[in-house]
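Please read the structure below before turning to the comments.
The values are calculated or read from the model by the stated rules, or taken from the named source; none is laboratory data. Fair warning: this is a prediction, and the values are worked out from it, not measured in the lab. Counting neighbours? That spans all protein chains shown, and the Cβs are built from the backbone with ideal geometry, glycine included. Just the protein is used for accessible areas: all its heavy atoms, side chains included, with ligands, DNA and RNA removed. Shrake-Rupley method; radii C 1.70, N 1.55, O 1.52, S 1.80 Å.
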Amino acid sequence: MKNESIHILNIPFVNQTKDEIVHDLYNQYLKEEKKAFIVTANPEIVMRARQDTDFLYTLSKADYIVPDGIGVVIASRLKKQPLIERVPGFELMEDLLSLSDEHRLRVYIVGAKPEVLDQAVSNVKRTYPNLLLVGYHHGYFDDHDDTIIQEIETQEPDLVLVALGCPRQEKWIKENMPRAHKGVFIGVGGSIDILAGHLKRAPVIWQKIHLEWFYRLLQQPSRWRRMVVLPQFIIQVLKSKG
Ligand code: UDP
């Protein structure tokens, strides 16, 4: 991690606003054609890293771990080292797409179901007509299949959105990014489904009162199992030193 960060259960979260992150990504990575690995992390990811050493190692390769999840921000306040703001992964992705539109950057999308991806692709082309969408591939492929990274090597995208769910997307980026010549790689989870209009983001009022996660749970009740880690996360944070 290259920037000032705040550790939550040994995971270093970048302590910058979304706008600062986007600004730095443009100036330090995109303009310079350097590679960056961005993880958008919530309490579930922090807890997974405590049990899965391979995943913890994967996270150690990230250039930015952003606090996408109010639970992480609350944890930072409990530790009296408050993170400056929550950085919703969907908004970070939207800002990177706008930046790509503004500077006519090359974009590649990996992930989501084929029909969802097709819809997202047509929405991206309509909303960001100046970016160059140099390729895309749905997310239901064999991990040993290297067609996607071969295409990325050839097409040299500046921005690669990876929506394979956690931890697959982070592990895929860690494994494959070394073969790319340049590019900001970001794991975006369910954001392609939102881009496609397949899932909806919570109304702004829900976001303001920090209940976006609850809105998502109502849309996808099967996610409840993942949320049982939350109380455990807070207990571990309170028990942790520093
Ligand atoms: N996904 C995928 N391949 C997979 C698993 C998931 O492309 O092998 C896609 C899924 O279709 C969805 C996105 O990854 O578009 C996020 O999935 P999920 O909501 O499970 O991820 P999380 O919330 O854990 O990031």
Taking segment 232-242 and the residues there that are in a loop (DSSP other than H, G, I, E, B) and not polar (S, T, N, Q), the one that is surrounded by the fewest Cβ atoms within 10 Å (Cβ to Cβ) would be Lys241
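Out of all the residues in segment 216-231, is one or more outside any helix (DSSP H, G or I) and more than 15 Å from the ligand (Cβ to nearest atom)?
no
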Of the listed residues (Leu159, Leu217), the one being touching a helix residue (DSSP H, G or I) at 6+ places or on another chain (Cβ under 8 Å) and within 27 Å of Gln28 (Cα to Cα) is Leu159
All conditions in (1) near the ligand (Cβ under 8 Å from one of its atoms); (2) touching a Gly at 6+ places or on another chain (Cβ under 9 Å) are true of Asp193 except (2)
Note: among Gln236, Gln207, just one is within 22 Å of Glu85 (Cα to Cα) and modelled with pLDDT of 95 or more, namely Gln236
Exactly one of Pro43, Pro12 is away from the ligand (no atom under 16 Å from the Cβ) and in contact with a strand residue (DSSP E or B) (Cβ under 9 Å, 6 or more places away or on another chain), and that one is Pro12
Among helices (runs of 4 or more DSSP H) entirely within segment 126-208, at least 3 residues that are touching a Ser or Thr at 6+ places or on another chain (Cβ under 8 Å) and open to solvent by 20 Å² or more (accessible area, probe 1.4 Å) occur in none
Condition set within 16 Å of the ligand (Cβ to nearest atom) and farther than 19 Å from Ile173 by Cβ, scope segment 103-119, selection most open to solvent (accessible area, probe 1.4 Å): answer is Glu115
When every residue in segment 125-138 that is under 15 Å from Leu96 (Cα atoms) and touching a strand residue (DSSP E or B) at 6+ places or on another chain (Cβ under 6 Å) is compared, the one farthest from the ligand (Cβ to nearest atom) is Leu132
Subset of segment 2-60, residues at positive phi and of a type outside the set (D, E, K, R), comes to Leu9, Asn10
